[in-house]
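The values are calculated or read from the model by the stated rules, or taken from the named source; none is laboratory data. Everything quoted here is computed from the prediction, not taken from an experiment. Cβ placement follows ideal geometry from the backbone for every residue including glycine, while neighbour counts extend to all protein chains displayed.
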Amino acid sequence: MSSAISTDVLIVGAGVAGLWLNARLRRLGYSTVLVENASLGGGQSLKSQAIIHGGAKYALHGALTGASEAIADMPRRWREALAGTGEVDLSGVRVLSQAHYLWSPGTIAGNLTSFFASKAVRGRVDQVKGDELPPALQDKAFKGKVYRLAELVVDTPGVIERLAQLGGDGLLAGERLQPLLDNGQLAGLRVDGRDIRAQRVVLSAGAGTADLLNSLGVDQPAMQRRPLHMILAKGASLKPLYAHCLGGGTKPRITVTTHPAADGQWVWYLGGDIAEADGVARTSAEQIATAQKELGQLLPWIDLSQVQWATLRVDRAEPAQSGLVRPDNAFLAEQGALLVGWPTKLALAPDFADRVIASLERDNIKPAKHEPLPDLPRPPMGQTPWEQLLP
Ligand SMILES: Cc1cc2nc3c(=O)[nH]c(=O)nc-3n(C[C@H](O)[C@H](O)[C@H](O)COP(=O)(O)OP(=O)(O)OC[C@H]3O[C@@H](n4cnc5c(N)ncnc54)[C@H](O)[C@@H]3O)c2cc1C
């Protein structure tokens, strides 16, 4: 049997939430171990559209929601991290776009009036025209209106790789997790037969958290999955586009982000309303046909004849909410030595780490002395959907 380990905080799940938290805790002097049973970022994080929301999209409802308020600070925190001056050092990670855009294809939609009046976007949205337009929209046939939002889009593989580097020697590939109890209290986990004792155990295992809670005999917090059916398109005719295309409803009709493929071509990754309920009910072929029709109408000047297509079914994992509404913040529940949560968005990974750190401070959990970690088997890097589906 492998030798036992003791650490301050044992984290389960190496998506953006676990990795960001791990990097922050190490910087604060805590000793950590981060266990991953598949690949780094390979759950939701590498499948996300990687928009670092500041809440503008949620202000489309017209009302100032909690989401618009809580998330408003995230672009600043990510920009500082990316500049190397923030709470974790992400310098060197590629920013795919310094801005995300709001694109109204026809005349200005009615719901934009209240949108522009809302506090979440006031002073942070500028209309762009001509050669300031995203490259894919620079065509004389383009008629809509485009607004620049102060939200960035990051290269998720770069983020995950860098955070994993900051995780140092504490990343552990491990599959079988069992609770380790002292007098009935959680004292750590047994991972593939190795005892790991910790002052606190954090579950940030995305969609895997429900099963983990089950195996620990804990029934709260409840989790929900929100299924999505995303579309991928790759081709030499596709130029970068990072935009929510408005359709008149409260949700963007399509949200397009653009990601670099290994062969130098761009991949358009399409989400938004098209990927939600009706999109989930469609077969892959139907979903591709729907996307082709939408893009053909919205961007008729773009030649789609040589484009390769694929779709991806993926669930978002979140704390259970009535009516499947979007949670507003990162979520963390505390039960003694066990902390359980979901960031609910890639953008909110800093907020998730804040909540864990606040809990440690409240409980007076300080970095303790531990033996150096032995060499641990390291989890592999995850793949992006385009690496998997459009190689
Ligand atoms: C299609 C899509 C688009 C999105 N777009 C955006 C966006 O543009 N902006 C934004 O802010 N957010 C976006 N999100 C949300 C965002 O991706 C997630 O909120 C975020 O990535 C969740 O991070 P996480 O670390 O909690 O989970 P995950 O990335 O899912 O990581 C959880 C990890 O835990 C591991 N794990 C599971 N079970 C176990 C176990 N038993 N033992 C050990 N490890 C385990 C998994 O293998 C995985 O690596 C999007 C999500 C999806 C699905």
Worksheet item: If ARG378 passes every condition in (1) within 13 Å of the ligand (Cβ to nearest atom); (2) touching a Leu at 6+ places or on another chain (Cβ under 6 Å) but one, which one does it miss?
Response: (1)
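Kindly indicate whether SER31 is modelled with pLDDT under 95 and more than 20 Å from ASN329 (Cα to Cα).
No; evaluated as a whole, the condition is false for this residue.
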Worksheet, complete the sentence: Exactly one of ALA205, ALA210, ALA173, ALA187 is hydrophobic (A, V, I, L, M, F, W, C), more than 10 Å from the ligand (Cβ to nearest atom) and modelled with pLDDT of 95 or more, and that one is ALA187
Response to the item:
With criteria (1) in contact (Cβ under 8 Å) with a residue 40 or more places away in the chain; (2) in a helix (DSSP H, G or I); (3) basic (Lys, Arg), LYS293 comes up short on (1)
Worksheet item: Among the residues of segment 367-381, is there at least one that is outside any loop (DSSP other than H, G, I, E, B), free of Cβ contacts under 8 Å to residues at least 40 places away in the same chain and over 30 Å from LEU152 (Cβ atoms)?
Response: no
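Looking at VAL153, is it modelled with pLDDT under 95 and touching a strand residue (DSSP E or B) at 6+ places or on another chain (Cβ under 6 Å)?
Answer is no for this residue.
Out of the residues in segment 333-375 that are among the polar types (S, T, N, Q) and away from the ligand (no atom under 14 Å from the Cβ), state the one that is nearest to LEU189 (Cα to Cα).
GLN335
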Worksheet entry | Those residues of segment 328-356 which are part of a loop (DSSP other than H, G, I, E, B), touching a Pro at 6+ places or on another chain (Cβ under 8 Å) and either of a type in the set (Phe, Trp, Tyr) or closer than 17 Å to ALA210 by Cβ (or both), in sequence order | THR344
Fill in: segment 264-290 - residue that is assigned to a loop (DSSP other than H, G, I, E, B) and either under 19 Å from the mean Cα position of the chain (by Cα) or among the β-branched types (Val, Ile, Thr) (or both) and, of those, surrounded by the most Cβ atoms within 10 Å (Cβ to Cβ)
GLY272
Discussion item. Looking at segment 234-278 only, could you name the residues that are in contact with a helix residue (DSSP H, G or I) (Cβ under 8 Å, 6 or more places away or on another chain) and away from the ligand (no atom under 15 Å from the Cβ)?
Written reply: LYS234, LEU238, LYS239, PRO240, LEU246, GLY247, GLY248, GLY249, THR250, ARG253, ALA261, ALA262
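Regarding segment 213-230, can at least one residue be identified that is touching a residue at least 24 places away in the same chain (Cβ under 8 Å), within 13 Å of the ligand (Cβ to nearest atom) and in contact with a Phe, Trp or Tyr (Cβ under 9 Å, 6 or more places away or on another chain)?
Checked segment 213-230: at least one residue is touching a residue at least 24 places away in the same chain (Cβ under 8 Å), within 13 Å of the ligand (Cβ to nearest atom) and in contact with a Phe, Trp or Tyr (Cβ under 9 Å, 6 or more places away or on another chain).
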Worksheet item: When you go through (1) surrounded by fewer than 22 Cβ atoms within 10 Å (Cβ to Cβ); (2) charged (D, E, K, R); (3) at pLDDT 95 or above; (4) on the phi < 0 side of the Ramachandran plot one by one for ASP192, which number turns out not to apply?
Response: (4)
